[in-house]
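Data block below; observations after.
The values are calculated or read from the model by the stated rules, or taken from the named source; none is laboratory data. The structure presented is a predicted model; accordingly, all values stated were derived computationally and were not measured. Just so you know, the surface numbers come from the protein's heavy atoms only, side chains and all, with ligands and any DNA or RNA stripped out. Shrake-Rupley method; radii C 1.70, N 1.55, O 1.52, S 1.80 Å.
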Amino acid sequence: VTWTENRNNSHPGDCVVEKAVQLLSREHCTARLEKVWGPGDGRPVSELKNAMDQLLKEYLLSRELDEAASCVRELKAKHFHHELVKRGVKIAMEEDGRDHASKSSSLDAMAALFKFLVQNSIVSEFQVAKGVQRLEKILPDLKLDVPAAPGMLDEFETLAREQGFLHIPSSKA
């Protein structure tokens with residue numbers, strides 16, 4: 001006997017809990033929920049992250065916006081695009097190297113990609129902002145590999161604001 005059977009549904013959330021219990025009790029419910037709420041087309045998160053890394057690195061080599069956009073669409077993971085942003089900027093920082101010069105071509109290219117993706121409604125501004133916020137949280141660790149990472153992230157945020165695809169206040173404010 002579940003606790004919902006002994007309730008009279010007098011509390012506002014009772015019907016929601018009852019429906020959730022009902023859905024979770026069905027056969028293969030976990031697989032269905034992973035398909036609906038998981039990161040994309042049902043593949044494991046680690047596999048999706050590897051696919052993201054591969055497409056981002058390929059983009060940095062080719063600089064083909066349309067091809068990269070097509071690959072992002074194929075991921076079928078709109079709610080996971082913050083991870084794409086986080087990984088993309090991190091890869092660009094690593095590409096530009098430990099000694100950050102004033103001209104950071106990989107960072108500029110990544111900004112161009114995310115601007116293109118936002119302008120074409122493939123990635124939302126919310127997902128870009130969330131990705132940048134997640135990068136800010138891992139900055140101390142990232143700084144160990146890329147000492148110039150804080151400055152590079154500031155540069156990316158400035159580019160993103162100037163190009164109109166990031167609308168969160170600066171973390172330095």
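Here the Karplus curve 6.51 cos²θ - 1.76 cosθ + 1.60, taken at θ = phi - 60°, turns the phi angles of region 74-91 into couplings of 5, 5, 6, 9, 3, 6, 10, 5, 4, 5, 4, 5, 4, 5, x, 5, 5, 4 Hz, with x standing for Gly and Pro. Protein-only accessible surface at a 1.4 angstrom probe places the residues GLU74, GLU47 in the order GLU74, GLU47, largest first.
Note on LYS115: aspartates and glutamates with a C-alpha under 18 Å away, same-chain residues under 8 apart excluded, are GLU58, GLU64, ASP66, GLU67, GLU83, GLU125, ASP154, GLU155, GLU157, GLU162. Computed from phi, the 3J(HN,Hα) profile of region 123-134 under the Karplus parametrisation 6.51, -1.76, 1.60 (θ = phi - 60°) reads 10, 8, 4, 4, 5, 4, 4, 5, x, 5, 4, 5 Hz, with x in place of Gly and Pro.
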